[in-house]
Amino acid sequence: MKRFLFVIWIAGLVGIAGLKGWSNDRYELEKSLSGYWHFKIGDSPEWARPDFDDSGWQEIRVPERWEEEGYPGYDGFAWYRCRFQVSEAFSERDLFLELGYIDDVDEVFLNGLKIGQTGTFPPHYSTAYNAFRKYRIPAGLVHFGGSNVLAVRVYDSQLEGGIVKGNIRVGAAEKSIRLDVDLCGSWNFSTGRKASSSGKTTLVVPGNWENQGFYDYDGYALYTRTFTLPASLSKTPMVFLAGRIDDYDQVWINETLIGQTGDYETRRQSDAYTEFRNYVVPPGVLKPGENQIEIRIYDRTGEGGIIEGAVGLVNQERFIRFWKEKRTNRNTL
Amino acid sequence: MKTRKLFFLLTGFLFLGRFATYAVDWSTVVDLEGTWYFSVGDDPAWASPKTDVSGWDKIQVPANWDDYYPGYNGYGWYRKNFDMRAYPEGGKLHLLLGKVDDVDEVFINGVKIGQTGGFTPDYFSAYSIDRNYPIPDGLLKPTENVIAVRVYDEGRHGGILSGDPIGIVYDNDTELIEFDLSGPWKFSVYREKNIHEAAFDDSDWAVIEVPAYWDAQGFAHHDGSAWYRKSFSLPSKLKGKNLFLSLGRIDDYDKVYLNGRLIARTEDLKVYDRISRSQAYRMFRVYDLPEDLLQPMNVLVVEVYDEQQYGGMYEGPVGLLTRENAEILEERNDDIFWGGSVRSIFRSIFRW
């Protein structure tokens with residue numbers, strides 16, 4: 001029996017290690033952000049703003065433990081800021097920001113918009129020092145050929161702190177679908193089947209919930225947000241891409257069920273967590289102006305949530321074109 | 001010793017697989033295997049023959065659509081045009097599409113002929129079901145027919161995956177039938193007073209095609225009792241003849257009433273004593289009709305009880321036939337595994 005438990009324990013460790021693997025993604029294009037950034041200890045929401053003047057801040061090497069960079073023994077809040085440019089060649093692609101490993105908690109703003117968070121800040125502090133940071137950059141956020149401002153808020157509770165190691169870069173993956181309404185970013189999140197006012201928080205999508213304060217949570221959870229549909233698209237057939245979800249989901253727009261994968265109700269086992277979701281929105285569901293979307297998830301075990309992929313709405317015509325271009329075995333017929 | 005055991009076990013499974021597929025002797029009228037037009041996405045207008053699909057991709061049917069669109073899940077539509085070179089005489093035409101992963105809905109010349117599985121919001125997969133859709137009479141034209149298949153795939157493999165044959169077929173056994181009763185029947189799942197009587201008014205009942213699982217004809221998920229009713233006038237050439245009634249295979253149990261009188265039940269079949277009652281869905285129904293019961297105008301009522309999953313009068317020729325042909329039909333379809341027919345086991349081996 002003891003040996004059996006040991007095996008289970010080892011398997012668990014291996015599983016956790018798998019969740020936190022070092023990124024070895026190969027991008028078609030990448031821009032390294034390693035080097036000297038601006039740095040200041042302390043904390044202020046102002047520092048997320050792209051027009052904030054950080055010219056008086058200290059310079060700091062990224063990646064490196066801040067203990068090595070003139071802040072020995074410092075624990076607490078600090079901000080990193082840098083400016084970068086990427087060329088037009090990066091447009092029309094899926095862009096990712098990789099920040100390697102951050103000790104302990106971080107929150108990332110690009111051009112003033114929050115694009116990700118890993119771990120949770122005090123008062124509900126939880127560390128994520130061993131989680132690899134990879135954030136999807138929402139479409140339309142980056143100024144190609146222009147200046148972009150990245151601001152990273154970090155909290156360190158003890159020992160070494162900061163953006164400590166890794167290949168710090170912006171990567172451009174294979175040409176991807178361009179969303180008409182990009183819904184990557186902050187969503188309201190609550191555990192359980194129904195939205196509750198208590199325990200409501202925001203999570204970044206895509207990204208598992210384990211790295212965003214819900215370490216070890218399995219079971220039902222709910223993602224909600226609103227979005228604005230341009231009037232020009234209100235009559236256009238649209239497809240909602242929900243990304244890869246772990247494990248089962250139901251997607252509701254304006255209280256209509258538009259798609260589901262896996263067995264949300266009866267929770268029968270399946271490998272739905274490997275699948276990317278494409279849900280055609282039935283006609284009449286989307287309204288011009290504000291729309292409400294709700295993603296109900298059941299996670300059986302391991303990591304949970306909307307894990308990866310483009311999340312948002314694309315008009316069906318472009319969706320069809322995208323898959324036509326992606327098609328393989330073109331010459332076998 | 002162990003390997004021998006394994007060998008017998010494996011061959012046993014092979015036989016089972018074989019029997020599952022060769023219940024009906026199909027003749028292909030139109031072969032639909034090959035290249036089809038295909039598009040991801042979903043649009044009701046694609047069912048219409050008027051919609052131009054010449055800009056769509058082409059893919060092989062049957063095949064896993066992930067071979068062309070790696071990782072694709074969601075809706076996809078298949079379209080193909082075909083001509084009818086030859087019609088068989090009499091008998092029901094069926095469309096066989098093999099296994100479709102997960103849900104499909106089929107239109108011929110813009111008319112929906114059936115659906116297997118459920119689309120969102122009532123989603124359920126039917127990836128393991130062999131698609132078999134009876135084609136309503138009068139729907140096919142000599143040329144320029146258009147078939148459109150709407151498919152939804154929840155995950156992994158997707159599309160019109162596998163099957164042989166894929167196409168428009170008819171059951172060779174229908175040549176034994178003197179008077180064909182396949183096609184539209186009145187259908188209801190509600191028990192009513194005098195439901196077996198000839199005079200019962202079924203004008204507000206649904207109409208479904210026979211033979212076919214009712215689950216693929218708009219009654220998905222119905223288990224339990226259901227009633228089929230069909231009125232017919234007896235051709236004068238069959239008057240006074242000793243006739244038999246073929247209902248093919250029924251899932252699971254049936255009671256048959258002719259002009260208000262109970263004339264047959266599953267339990268009356270010769271094979272019923274030989275094999276387990278739970279195998280009733282595989283038994284081939286050929287019933288002797290009592291003499292003098294047939295009138296110039298007749299009403300046939302079949303009460304079917306389905307225990308679980310798919311149900312109904314689902315396979316085989318339906319109609320009246322002579323004693324001689326009834327014996328041939330029974331003989332041909334007496335191939336139930338463990339049914340005592342060693343000959344058919346050997347026959348299936350040599351067909352391999």
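Just so you know, all these numbers are worked out from the coordinates, no wet-lab data involved. Please read all numbers here as calculations on a predicted model, not as lab measurements. Using ideal geometry, Cβ is built from the backbone for each residue, glycine included, and neighbour counts are taken over all protein chains shown.
Key figures
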| read-out | value |
| --- | --- |
| Peptide B:70-80, shielding by other chains (average Cβ, 10 Å cutoff) | 4 |
| Partner aspartates and glutamates for residue B:80 [C-alpha distance under 15 Å; skip if fewer than 8 residues away on the same chain] | B:31, B:33, B:52, B:57, B:105, B:144 |
| Against the rule of thumb 2.2 N^0.38 Å, how large the Cα Rg of segment B:68-162 comes out | 1.14 |
| Viscosity 1.002 mPa s, 20 °C: Kirkwood-radius Stokes-Einstein D of segment B:283-336 over Cα pairs, µm²/s | 158 |
| Whole-Å distance, taken between Cα centres, linking segment B:58-78 and segment B:230-290 | 42 |
| Residue exposure sequence - A:251, B:207, B:53, B:302 - by fewest surrounding Cβ within 10 Å | B:207, B:53, A:251, B:302 |
| Peptide ranges B:172-183, B:150-161, B:255-266 listed from the most packed, as the mean C-beta count within 10 angstrom indicates | B:150-161, B:172-183, B:255-266 |
| Integer Hz, Karplus 6.51/-1.76/1.60 couplings in order for segment B:293-307, x for Gly and Pro | 8, 6, 10, x, 10, 9, 10, 9, 10, 10, 9, 10, 10, 10, 6 |
| Span-rule helices in chain B, defined as complete DSSP H runs reaching 15 Å or more along the axis (Cα) with Kyte mean at least -0.5 | B:2-21 |
| Vicinal HN-Hα couplings computed from phi for segment A:50-61 (Karplus, 6.51 cos²θ - 1.76 cosθ + 1.60; Hz; Gly/Pro x) | x, 8, 5, 8, 9, 5, x, 6, 6, 8, 9, 7 |
| Cα centroid separation, segment B:154-225 to segment A:225-268 (Å) | 34 |
| Taking the convex hull of Cα positions in segment B:164-235, its mean projected area over all directions (nm²) | 6.8 |
| Volume per residue of the C-alpha convex hull in segment A:153-228, rounded to whole Å³ | 174 |
| Relative contact order %, segment B:177-350, counting alpha carbon pairs below 8 Å whose residues are six or more apart | 34 |
| Nearest-20 debye value, the protein assembly as shown charge dipole, Cβ charges on Lys, Arg, Asp, Glu | 740 |
| Peptide-level mean, for A:316-326, of C-beta atoms on other protein chains within 10 Å | 4 |
| Segment A:181-323, Cα convex hull volume normalised per residue, Å³ | 101 |
| Residue B:252 long-range amide H proximity, modeled H, under 5 Å | B:305, B:306, B:307, B:312 |
| Within straight-line cross-link reach of residue A:175, lysines at Cα separation under 17 Å, skipping those fewer than 8 residues along the same chain | A:31, A:324, A:326 |
| Share of pairwise Cα separations in chain B, more than 35 Å, in percent | 27 |
| Amide H contacts of residue A:311 (H built 1.01 Å from N, under 5 Å, at least 5 apart or other chain) | A:183, A:184 |
| Per residue, the convex hull volume that the Cα atoms of segment A:26-175 enclose (Å³) | 101 |
| Computed helical MRE - 222 nm, chain A, DSSP H runs ≥ 4 contributing -39500 (n - 2.57), nearest 500 | -3000 deg cm²/dmol |
| Cβ-placed point charges (K, R +1; D, E -1), dipole of segment A:14-156 about Cα centre in debye, nearest 20 | 340 |
| For chain A, diffusion coefficient by Stokes-Einstein and Kirkwood Rh (Cα), 20 °C, 1.002 mPa s, µm²/s | 101 |
| Relative contact order [Cα under 8 Å, 6+ residues apart], segment B:23-127, whole percent | 26 |
| Over 13 Å [Cα-Cα, segment A:66-122], rounded percent | 73 |
| Size of segment B:63-113 as Cα extents on the principal axes (Å, biggest first) | 45, 19, 19 |
| 3J(HN,Hα) from dihedral phi, segment A:184-192, Karplus parametrisation 6.51/-1.76/1.60, rounded to Hz, x for glycine, proline | 5, x, 7, 10, 6, 9, 8, 7, x |
| Size of charge dipole - segment A:133-226 - debye, nearest 20, with Cβ of Lys, Arg +1 and Asp, Glu -1, no other charges | 220 |
| Among B:109, B:177, B:279 - extreme Cα towards positive end, dipole of chain B, charges at beta-carbon | B:279 |
| Shielding by partners - mean other protein chain Cβ count within 10 Å, residues of A:276-284 | 4 |
| Extension gain (nm, one decimal) between residue A:224 and residue A:28, 0.36 nm per residue minus Cα-Cα | 67.2 nm |
| Other-chain or far-sequence residues with amide H under 5 Å of residue A:104's (modelled H) | A:155, A:156, A:157, A:162 |
| Label-point separation in nm, residue B:309 to residue B:35, each point 7 Å along Cα→Cβ | 3.8 |
| Cα lying deepest toward the dipole's positive end in the protein assembly as shown, options B:159, A:298, A:231, charges on Cβ | B:159 |
| Point-to-point label distance, residue B:242-residue B:207, nm (Cα→Cβ direction, 7 Å offset) | 3.7 |
| Relative contact order %, chain B, counting alpha carbon pairs below 8 Å whose residues are six or more apart | 18 |
| Cα Rg, Dmax (largest Cα-Cα span) when computed across the protein assembly as shown, Å | 32.2, 110 |
